[in-house]
Amino acid sequence: MEDIYILGIESSCDDTSAAVLKNGVLLSNVTASQAVHEAYGGVVPELASRAHQQNIVPVVDQAIKRAGIEKEQLTAIAFTRGPGLMGSLLVGVNFAKGLSQSLGIPLIDVNHLHGHVLAHFIHESEDDHTEPPFPFLCLLVSGGNSQIVRVNAYNDMQILGQTIDDAAGEAIDKCSKVMGLGYPGGPIIDRLARQGNPDAYQFAKPNISGYDYSFSGLKTSFLYSLRDWIKDDPDFIEHHKEDLAASLEKTIVDILMKKLRLAVKDTGIKHVAVAGGVSANNGLRNAFHDHARRYGWTVYIPKFSYTTDNAAMIGITGYFKYQDKDFCPIDAPAFARMEK
């Protein structure tokens, strides 16, 4: 059997990433991050697409070199087609299309969110078998998405519930910004929370039926509480930032886990995974381990390097699709939002 080499390309937001997989085993995973956005407190789309244009060629070149192969050995190219920032996506999409035509190999389009879920199937060696069995539930939490997904097969995913307003990561970033802590807020809040008391403060938790999430009420509650406390003590944030971070993190984790417990109870599926950028959060990881002990779940937590946007997850999704000969036409456009 001939070896299958998949090049994965990810450019949906502000990370330019390329990875090479051989028969589903990861050979290289190279990511260039963009520090330019920190000064603006969020990703600036125009600056992101410019940085992708500078990074895409060296990143792909490094991924192929580190894999120890020539580009002519590639079997197919998998790329993120969406959702994401349109300007950023177009850099990766157009590069993938050009390279596939020059090498005469097929193109495979990947949904960015499916990639996050399938990050659990990235193998670093041939005897690495730590992936969840189908069906499993996946809590997908990132800056732009908070979803509970029932994963029946690599190409059969059903969204059971999702946020009706802000995503969990977005709420963390906005609260971090209000506290003047900087961007991105996730790692900063995570670091401070480890030194704080999670029961120091109470914030509003939404009461929404079913498996859907809402984080806008929490954000408003946090904002108004801070405003009142600062009236009495102008330096309140500086004096209590660890406790504020820990209490905020606990509230968000509680909201996420309550709906996930409900989904596990109703479906009877006890293989439960977490994915997306917020899955790097220590409070959330600890909650997963705690639920495994308390409720008999088998939990799947990705390595830190596979939580944020990376091309390895695009490559493994592409590998599954390649086996089904599920290719993409050259004129397939990028899409910024989920297709209805």
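For Ser146, enumerate residues with amide H under 5 Å from its amide H, sequence gap 5+ or separate chain, H modeled in the peptide plane.
Close amide H contacts, sequence-distant or interchain: Thr163, Ala168.
With no solvent and one equal point scatterer per Cα, compute the Debye intensity ratio I(q)/I(0) for the chain at 0.13 Å⁻¹ and report its log10, rounded to two decimals.
The calculated log intensity ratios at q = 0.13 Å⁻¹ are -0.98.
Starting from one equal scatterer on each C-alpha and no solvent at all, send me the Debye-based log10 I(q)/I(0) for segment 104-211 at q = 0.10, 0.18, 0.24 Å⁻¹, two decimals.
Those come out to -0.44, -1.07, -1.28, one per q.
Could you grab the relative contact order for segment 259-340? Cα pairs under 8 Å, six or more apart, rounded to a whole percent.
Relative contact order comes out at 27 percent.
Tell me whether segment 152-296 comes out rounded, prolate or oblate; compute the Cα gyration tensor, take square roots of the eigenvalues as a ≥ b ≥ c, and use a/c under 1.5 as the rounded threshold. Walk me through the intermediate numbers first.
Details: a/c = 2.12, a/b = 1.88, b/c = 1.13.
Verdict is prolate for segment 152-296.
Using Cα pairs closer than 8 Å and at least 6 residues apart in sequence, work out the relative contact order for segment 9-132, in percent. Walk me through the numbers before you get to the answer.
Values: 197 pairs, mean separation 36.8, N = 124.
The value is 30 percent.
Please give every one of the lysines within straight-line cross-link reach of Lys303, meaning a C-alpha to C-alpha distance under 25 Å, and leave out same-chain neighbours fewer than 8 residues apart.
Cα-Cα hits under 25 Å: Lys22, Lys65, Lys250, Lys258, Lys259, Lys270, Lys321.
Nearest 500 deg cm²/dmol is fine: what mean residue ellipticity at 222 nm does the chain get from its DSSP H runs of n ≥ 4 alone, each adding -39,500 (n - 2.57), divided by its residue count?
Helix-only estimate at 222 nm: -14000 deg cm²/dmol.
When the Cα centres of segment 217-249 and segment 111-152 are compared, how far apart do they sit, in Å?
34 Å
Counting only Cα, what are the radius of gyration and maximum Cα-Cα distance Dmax of segment 5-148, in Å?
15.5, 44
Going by average Cβ neighbours within 10 Å, how do the peptides 83-91, 113-121, 24-32, 10-18 rank, with the highest at the top?
Ranked from most to least packed, the peptides come out as 10-18, 113-121, 83-91, 24-32.
All of the numbers you see were taken from the coordinates with simple rules; none came from a lab. Everything quoted here is computed from the prediction, not taken from an experiment. Virtual Cβ from ideal backbone geometry, glycine too; neighbours counted across all protein chains shown.
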